[in-house]
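Trainee: Have a look at the structure that comes next, please.
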Amino acid sequence: MTYHALIDIAAPVRDGEAIPLDALRAWWNAAVGPVGGIEVEQFPRGFSNLTYLVRAGGDEFVLRRPPFGVAPGVAHDVLREGRLLAALRPVYARVPAMVALCDDAGVIGAPFCVMERVRGLIVRGAVSPSLAFGASQLRALSAAAVETLAGLHAVDWRVPGLDTLGRPEGYVERQVAGWSKRWIAARTSDVPDVERVVAWLAAHAPATGEPTLVHNDFKFDNLVLDPADPTRVRAVLDWEMATIGDPRLDLATTLGYWLEAGDPPPLLALGIGITALPGNWTREHVVAAWEASTGRSAGDPVWLFAFGLFKVAVIAQQLFARYTAGHTRDHRFAALDRAVAALGALATRAIDADRISSLA
């Protein structure tokens with residue numbers, strides 16, 4: 001069976017998001033090495049930092065820069081991501097190798113980083129069972145994803161370049177407060193369910209636990225799978241929000257993206273994961289497996305799930321606000337307000353039912 005259709009394919013660069021090739025070539029010759037021509041395409045599927053495929057000197061690289069129309073911050077700090085990856089690679093092999101960083105915004109209009117391209121399969125919600133991802137294989141893929149998350153939480157982060165990533169003390173409280181502030185800043189209309197979730201999370205937040213490396217955006221479409229064995233993870237991508245903190249909130253983010261078949265149709269239509277297909281683990285199984293792999297207690301899974309859904313809702317709302325303000329022409333963002341409402345509704349349903357699975 002071939003899985004070629006699942007290899008992430010670049011496309012022509014979207015209008016308004018082009019990179020000046022002459023300036024990039026001049027920088028490349030000085031910072032990376034002499035190269036003849038440079039070709040640039042864009043990976044169209046991501047929702048955060050802009051990601052481009054660069055062909056130079058017969059090799060393929062990935063270039064990442066912040067989106068247009070966003071304020072500086074950790075979530076879009078590609079230089080921080082690049083330095084993190086350089087420090088992480090010696091202690092965690094499942095990341096791309098860094099090639100170069102550029103802090104001169106005058107080259108292409110923003111700072112950027114260049115890394116190796118890790119070729120492999122990236123599976124998303126549009127994957128059809130006809131591509132041989134049957135129930136047994138999806139169960140194995142669920143296990144591989146949770147094992148990878150647990151392995152990430154076992155990384156020795158007390159090494160130069162990682163040990164100064166964040167402030168572990170009070171991490172949970174700061175995360176709740178920070179995402180609540182982001183929600184207020186990006187809000188374009190009242191969403192009563194989300195407002196209720198904000199208050200409930202603050203009132204029921206657990207104390208911060210023992211810290212680990214935290215990816216902060218761990219989901220299926222940030223995993224590169226081996227084409228020869230699609231249940232083996234070759235690399236974990238998109239580290240721009242990584243830090244040192246409570247790993248339970250990393251699990252929470254994964255739960256927020258881990259859809260089940262009975263979840264609201266607007267969420268299933270987003271294509272943010274394949275977890276709603278038959279054979280995947282339930283969210284309850286994910287929590288139990290993470291606890292078994294890490295030897296840690298997850299605490300209240302309902303709180304974690306509600307926080308994960310709220311965080312995803314804020315991210316979707318930020319993208320919707322960028323679109324309505326005219327900062328992007330990416331039409332995928334036009335209907336994200338409906339997804340925000342659905343995420344809030346699912347979180348309140350979980351809170352009222354006091355469970356995280358079988359919420360139809």
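Read-outs: derived from the displayed coordinates by stated rules, not from any lab. Just so we're clear, the structure is a prediction, and the values are computed from it rather than from any experiment. Backbone-built Cβ (ideal geometry, glycine too); neighbour counts: all protein chains shown.
Trainee: Relative to the first principal axis of the alpha-carbon coordinates of the chain, what is the inclination of helix 21-31, with its axis defined by its Cα atoms, in degrees from 0 to 90 and to the nearest 10?
Mentor: Rounded to the nearest ten degrees, it is 80.
Trainee: Determine, for ASP15, ASP193, ASP103, ASP300, the number of other Cβ atoms within 10 Å of each Cβ, and report the residues in order from fewest to most. Each step should come with its number before you reach the end.
Mentor: On the way: ASP15 8, ASP193 20, ASP103 11, ASP300 15.
Fewest-to-most ranking of ASP15, ASP193, ASP103, ASP300: ASP15, ASP103, ASP300, ASP193.
Trainee: Could you work out how far apart the two model spin labels at ARG187 and ALA105 are, taking each label as a point 7 Å from the Cα in the direction of the beta carbon, and quote it in nm?
Mentor: It works out to 2.9 nm between the two label points.
Trainee: Here is a follow-up. At 222 nm, what helix-only mean residue ellipticity would the chain give, in deg cm²/dmol to the nearest 500, using -39500 (n - 2.57) for each DSSP H run of four or more? All intermediate terms of the calculation are to be shown ahead of the outcome.
Mentor: Numbers: 10 runs with 138 residues, N = 360.
Mean residue ellipticity, 222 nm, calculated: -12500 deg cm²/dmol.
Trainee: Using Cα pairs under 8 angstrom and six or more residues apart, how large is the relative contact order of segment 4-116, in percent? Intermediate values should be presented prior to the final figure.
Mentor: On the way: 177 pairs, mean separation 24.5, N = 113.
This gives 22 percent for segment 4-116.
Trainee: Further question on the same structure: Which one of TRP200, LEU336, LEU79 has its Cα pushed farthest toward the positive end of the charge dipole of the chain, where Lys and Arg give +1 and Asp and Glu give -1 at the Cβ?
Mentor: LEU336
Trainee: Follow-up question, since we're still on this one. Report the Cα-based extents of segment 4-116 along its three principal axes, largest first, to the nearest Å.
Mentor: The Cα atoms of segment 4-116 stretch 36, 35, 33 Å along the principal axes, largest first.
Trainee: If you line up the long axis of helix 171-186 against the longest principal axis of the chain, both from Cα atoms, how many degrees apart are they, to the nearest 10?
Mentor: Here the helix axis deviates by roughly 70 degrees.
Trainee: If each of ALA202 and ALA97 carries a label point 7 Å out from its Cα toward its Cβ, how far apart are those two points in nm?
Mentor: With each label placed 7 Å out from Cα toward Cβ, I get 4.8 nm.
Trainee: Now a separate question. Take the Cα pairs of segment 136-262, get the Kirkwood Rh, then feed it into Stokes-Einstein at 10 °C and 1.306 mPa s and tell me D in µm²/s.
Mentor: Approximately 97 µm²/s, per Stokes-Einstein.
Trainee: For segment 18-65, report the translational diffusion coefficient in µm²/s to the nearest whole number, using Stokes-Einstein at 25 °C, 0.890 mPa s, and a Kirkwood Rh over Cα pairs. It would help to have the intermediate numbers written out before the result.
Mentor: Details: Rh = 11.2 Å.
Translational D for this selection: 219 µm²/s.
Trainee: As an exercise, use a Förster radius of 51 Å and the Cβ-Cβ distance of ARG232 and ARG25 to find the FRET efficiency, rounded to the nearest 0.05.
Mentor: Working: r = 36 Å, r/R0 = 0.71.
Once the sixth-power term is evaluated, E becomes 0.90.
Trainee: Let me test this: with uniform point scatterers at the alpha carbons of segment 221-277, what is the Debye-based log₁₀ I(q)/I(0) at q = 0.13, 0.18 1/Å?
Mentor: -0.45, -0.82
Trainee: Taking the alpha-carbon set of the chain, what are its Rg and Dmax in Å?
Mentor: When restricted to the Cα atoms of the chain, Rg and Dmax are 19.9, 61 Å.
Trainee: Oh, and also: Cut-off is 10 Å between beta-carbons; in what order do PHE133, PHE68 appear when sorted fewest neighbours first?
Mentor: Ranking PHE133, PHE68 by Cβ neighbours within 10 Å, fewest first, gives PHE68, PHE133.
Trainee: Please give the helix 78-88 orientation as an angle from the longest Cα principal axis of the chain, in degrees from 0 to 90, rounded to the nearest 10.
Mentor: Computed tilt is about 80 degrees.
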